[in-house]
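Beneath this line is the structure, given in structure tokens, with notes to follow.
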Amino acid sequence: MKAREWRILAWIIGIMIVAGGAGYGAFKISDRMGPMVASGGNEIGGRFRLMDSSDGTMSNSDFYGRWLLVTFGATHCTADACDRMLNNLSEAVKTIDPKGSSIVPMFISLDPQRDSSERLRQYALKFPAKIVAGSGSPATLEAVAKEFHAPVKRNPDPDFEYTYEMSPQIVIMNPEGHYAGTISSNADADEMRQRLMVLMHGL
């Protein structure tokens, strides 16, 4: 290998190490800071800070001005329920907001051990609508799930060792960051669309 090729290879490896270290460092900082969760006066949902799928952080305030649809589960989801729910939600959201400018579907993984930022990024790309995916330290996830009334339930699985159950409801936060209502996670795409139209426009 020529000297120039060695330099290029070393440069690529260096970038990969820095990127990986940044992601790990951000996770450890988040873990040390502890759960950053508060109700904000909401009966369900509230303020939070999590790791996003780009190795950065995201908080509820990043989405002010848009409707935020919050769901919980994992890429290893019991009975593949998360896939069905996100497909239905994507179809409903694309119908109402085809440009993706006013609604943000958010998927929070309860399985940070397996759901790395890259895995979540690839998982989110499976669905028609743009899905914002994230996770956090176990303590933070437990606090956020509690705030959004989402159970954290892990089930044994013969193929994947274990899976996480999907949250039974999608929590809707309005553009001001206040709780607006819920949608059953088992609803079909048309039921989700109708419920969103009622919550967003009173239709």
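Might you check whether a residue that is of a type in the set (A, V, I, L, M, F, W, C), buried (at least 20 other Cβ atoms within 10 Å of the Cβ) and under 22 Å from M51 (Cα atoms) occurs anywhere in the range 151-165? No.
When we screen A187, A129, A139 for residues that are among the small types (G, A, S), touching a Pro at 6+ places or on another chain (Cβ under 8 Å) and surrounded by fewer than 20 Cβ atoms within 10 Å (Cβ to Cβ), the only hit is A139.
Taking helices (runs of 4 or more DSSP H) that do not extend beyond the range 115-203, which have at least 3 residues that are among the hydrophobic types (A, V, I, L, M, F, W, C), on the phi < 0 side of the Ramachandran plot and more than 13 Å from the chain's Cα centre (by Cα)? Full working, then the answer.
Details: elements: 117-124, 138-147, 189-201.
Fully inside the range 115-203 and qualifying: 189-201.
Give the residues of the range 38-70 that are under 12 Å from E147 (Cα atoms) and either under 11 Å from the mean Cα position of the chain (by Cα) or surrounded by fewer than 19 Cβ atoms within 10 Å (Cβ to Cβ) (or both), sorted by residue number. Answer for the range 38-70, where residues must be under 12 Å from E147 (Cα atoms) and either under 11 Å from the mean Cα position of the chain (by Cα) or surrounded by fewer than 19 Cβ atoms within 10 Å (Cβ to Cβ) (or both): A38, S39, G40, G41, N42, E43, I44, R47, V70. Against the test of being over 23 Å from R114 (Cα atoms) and acidic (D, E), the options D157, D190 yield a single qualifying residue, D190.
Tell me, please, whether a residue that is more than 25 Å from S184 (Cα to Cα), in a loop (DSSP other than H, G, I, E, B), at pLDDT below 95 and in contact with an Asp or Glu (Cβ under 9 Å, 6 or more places away or on another chain) can be found in the range 21-40. Looking through the range 21-40, at least one residue is more than 25 Å from S184 (Cα to Cα), in a loop (DSSP other than H, G, I, E, B), at pLDDT below 95 and in contact with an Asp or Glu (Cβ under 9 Å, 6 or more places away or on another chain).
Count of the range 48-79 residues, restricted to those that are in contact with a helix residue (DSSP H, G or I) (Cβ under 9 Å, 6 or more places away or on another chain), more than 16 Å from L110 (Cα to Cα) and not polar (S, T, N, Q), is 5.
The values are calculated or read from the model by the stated rules, or taken from the named source; none is laboratory data. None of the values given here were measured: they were computed from a predicted structure. Here the Cβ is made from the backbone with ideal geometry for all residues, glycine too, and neighbour counts use every protein chain on show.
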